[in-house]
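The values are calculated or read from the model by the stated rules, or taken from the named source; none is laboratory data. It should be emphasised that the depicted structure is a prediction, and the values quoted were computed from it without experimental measurement. Cβ placement follows ideal geometry from the backbone for every residue including glycine, while neighbour counts extend to all protein chains displayed. Side chains are part of the model used for accessible areas, which takes the heavy atoms of the whole protein and leaves out ligands, DNA and RNA. Shrake-Rupley method; radii C 1.70, N 1.55, O 1.52, S 1.80 Å.
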Amino acid sequence: MAGFDRRRIGLFAVRYGLFFALGAWVVAMSIASEHFLTWLNFLNVARQAAPIVIIAVGMTFVMATAGIDLSVGSLVALVSVLVVTFFGLGLPTEIVIPAVLALGLVSGLVNGYFVQLGLPPFVVTLAMLTTLRGIGFVVSDGYATPVRDDFVLWLGRGQIGPLHTPIVLAIVVAVIGGVVLGKTRFGLYSLAVGGREEAARAMGINVRGIKLAVYGAIGLLGALAGIVLTGRLGNGSPNAGIMLELEVIAATVLGGTSLFGGAATIAGTVAGALFINFVRNGLNLLGVNPFWVQVATGLILLLAVLLNTVVNRRITEWARVLRAEEPEPGP
Amino acid sequence: MTVPLIEMRNISKSFGAVVALRQVSLSIAAGEVVGLVGDNAAGKSTLMKILSGVYTPDAGEIMLDGRAQALATPMDARGAGIEMVYQDFALVPELSVTQNIFLGRELLQGGLRSKFVDKAKMRERATHWIERLGLRVPPVDTPVRATSGGQQQAVAIARATAFDARLVIMDEPTANLAAAAIEKVRAAIGRLRSHGVAVIVISHRIEDILETADRAIVLKHGAVVGERRIEDTRGDELVHMIVAGRDPRDAAAGGGDGDGAGAAADGGAGGSAPP
Ligand SMILES: Nc1ncnc2c1ncn2[C@@H]1O[C@H](COP(=O)(O)OP(=O)(O)O)[C@@H](O)[C@H]1O
Ligand SMILES: [Mg+2]
């Protein structure tokens, strides 16, 4: 029985380690800085994390299928540029918002189309990364343009009750994502496709359809996050969202989503996004040089990947051996 | 004579330049256990994947209860009551035992929640099915990757037999299993037969076939070499057919010209065709 307990603890530590780390960081920072554990600061961190959470929910599905999308940061930039360009042409909000959301969906479906043909997602979305940002620069000529539309500004800076609009949007997206991943066939099939594609196909799952859908979804969510960021920054810029894809991937991987597909949770992803932003916020409050904050983010990503792959495999393997050593229960 | 459950007629299949199957015919009755044997690359797995809807044949037809039946996808085959236990099990390691058993056929909740899977009901049924098979498997919530090879085989068999199958195909079900697990698989085949389910077993172990099957069919180079009722043959005769790629009784009937299986078969057909 001792082996059983050790196994449980090991698996528990791997599965919920991030939540403990997040808790420990919050406690440590609360002691270190009186400004850390305040409602205002919490809202600030949540608002910073909101666009990351919105995209990372999509990334969780993509990575569940053993894929990846590197183009989301560039999509945010293109959406941001197009929002101000469309308003500049005198188009109304009711046209601009659906138009850029549709653009995000289409760009995602293009990624998905090439991926379901069997091309490596890494290469497909890397090509899309440079294409989308390139178009953003062409359309904007490299300039940032202020946005004055009330609705877009409300999406980025407004409030719904006590919460900022981006936070509410992130919560809504995360709840829907969590329900779809945890309770529907679509979520299960995304995991199955990433876990073992051949098995999923043999069981009659529409593997190509699932891949198209997850990339389409992250495109749509990327466009939504792009609108939110445009409103928050107050301008449309082709330099928006640089390296955003890395932060999204870091949040997702930190949250326990497997880099090789088949395992993913939305709660983990949300915790991962919050963790990165709490670390950054804490370091800022301590007055650490912002460039070191970048270094810290990089190290966290490395640590997350290490936990995600090597450590996770070791512990699972170890738990299996312990299980095998246990006496079998009677018939 | 009763209509066979499944009849495959003149099935051919090539992969590029490789001819995997040439004009293969076979039929199987309800509740019959047929052993499919042959060398590596004889075409056994390909023939069975055609029956389970994974591959479409280049030529030939499949009759189910005497009616032509298209098996274009695995869903078609499963819909027609044909289930397959794949050689590599075709399980998703990260998913639980229950999720794997129900993969592609999840039970859904009712009413407003009709888009949600019914986890409680699936867990309950999966447990029941595994117990019914007399198989010992860890709790049905365990991810498959944390189970042993024999347990994975058990999960694959449970999945193939749970949904009122009429024909269960098992591709090398005893490869890589320990002796006790092999006995379990053989017993499971016997139980299927007694429930009127037809079984096709592919195996390298001739004892599997001798112990469980009613009939053996020998394949070589993508063609049927010969066929025996189990009570009418012995292990060494089957092995001889597998290795030589021809039916010794055909050669004897053809006057012992010793030209091999092709010549013997052609001679037989030629003998009856000319007026
Ligand atoms: N998907 C495939 N692509 C190309 N060739 C294949 C494929 N599947 C089987 N083959 C070829 O078809 C022949 C028969 O293979 P298979 O049906 O697996 O034989 P068996 O199961 O009897 O060992 C072999 O020559 C094999 O290489
Ligand atoms: Mg084979």
Which of the residues belonging to region B:183-213 are open to solvent by 70 Å² or more (accessible area, probe 1.4 Å) and more than 14 Å from ligand 1 (Cβ to nearest atom)?
-> B:GLU183, B:LYS184, B:ARG191, B:ARG193, B:SER194, B:HIS195, B:ARG205, B:GLU207, B:GLU211
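Do we have any residue at all in region B:180-199 that's acidic (Asp, Glu), without any contact (Cβ under 8 Å) to a residue 40 or more places away in the chain and touching a Gly at 6+ places or on another chain (Cβ under 9 Å)?
no
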Please find, among B:LEU5, B:LEU91, the residue that is open to solvent by less than 50 Å² (accessible area, probe 1.4 Å), closer than 22 Å to A:ASN206 by Cβ and away from ligand 1 (no atom under 16 Å from the Cβ).
-> B:LEU91
Selection over region B:164-182 where residues are outside any helix (DSSP H, G or I), open to solvent by 10 Å² or more (accessible area, probe 1.4 Å) and either among the acidic types (Asp, Glu) or away from ligand 1 (no atom under 16 Å from the Cβ) (or both) yields a count of 6
Give the residue, chosen from A:LEU285, A:LEU254, A:LEU221, A:LEU244, that is hydrophobic (A, V, I, L, M, F, W, C) and out of contact with any helix residue (DSSP H, G or I) (no Cβ under 6 Å at 6 or more places or on another chain).
-> A:LEU285
Residues located in region B:8-30, provided they are hydroxyl-bearing (Ser, Thr, Tyr) and within 16 Å of ligand 1 (Cβ to nearest atom) = B:SER12, B:SER14
When region A:84-101 is examined, which residues are found to be open to solvent by 50 Å² or more (accessible area, probe 1.4 Å) and either in contact (Cβ under 8 Å) with a residue 60 or more places away in the chain or among the aliphatic types (A, V, I, L, M) (or both)?
-> A:LEU89, A:LEU91, A:ILE95
Among residues of region A:179-200 being within 15 Å of B:ALA156 (Cα to Cα) and either of a type outside the set (A, V, I, L, M) or surrounded by fewer than 19 Cβ atoms within 10 Å (Cβ to Cβ) (or both), the residue farthest from the other protein chains (Cβ to nearest Cβ) is A:GLU198
Within region B:134-173, considering residues that are of a type in the set (A, V, I, L, M) and within 16 Å of ligand 2 (Cβ to nearest atom), the one nearest to the other protein chains (Cβ to nearest Cβ) | B:ALA156
Determine which single condition A:GLY108 fails, assuming it passes every other condition in (1) surrounded by 15 or more Cβ atoms within 10 Å (Cβ to Cβ); (2) more than 19 Å from the chain's Cα centre (by Cα); (3) not polar (S, T, N, Q).
-> (2)
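Criterion first (within 9 Å of chain A (Cβ to nearest Cβ), surrounded by fewer than 22 Cβ atoms within 10 Å (Cβ to Cβ), touching a residue at least 12 places away in the same chain (Cβ under 8 Å) and within 30 Å of B:VAL239 (Cβ to Cβ)) does B:VAL19 satisfy it?
No: the conditions fail for B:VAL19.
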Would you point out the residue of region B:36-50, among those that are farther than 16 Å from B:SER12 by Cβ and more than 8 Å from ligand 1 (Cβ to nearest atom), that is farthest from the chain's Cα centre (by Cα)?
-> B:VAL37
Quick one: would you say B:VAL185 is part of a helix (DSSP H, G or I), more than 16 Å from ligand 2 (Cβ to nearest atom) and under 21 Å from B:SER45 (Cα atoms)?
-> yes
B:ALA216 vs. criteria of a type in the set (A, V, I, L, M), open to solvent by less than 20 Å² (accessible area, probe 1.4 Å) and touching a strand residue (DSSP E or B) at 6+ places or on another chain (Cβ under 6 Å) = yes
Residue check, B:VAL33 against (1) crowded, with 21+ Cβ neighbours inside 10 Å; (2) closer than 19 Å to B:ASN10 by Cβ; (3) more than 16 Å from ligand 1 (Cβ to nearest atom), all met but one. Which one?
-> (2)
Please give the number of the condition B:SER27 fails out of (1) in a helix (DSSP H, G or I); (2) more than 12 Å from every other protein chain (Cβ to nearest Cβ); (3) more than 24 Å from A:GLY261 (Cβ to Cβ); (4) not aromatic (Phe, Trp, Tyr).
-> (1)
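Does any residue of region A:21-30 turn out to be open to solvent by 20 Å² or more (accessible area, probe 1.4 Å) and within 23 Å of A:GLY158 (Cβ to Cβ)?
No - not one qualifying residue is present in region A:21-30.
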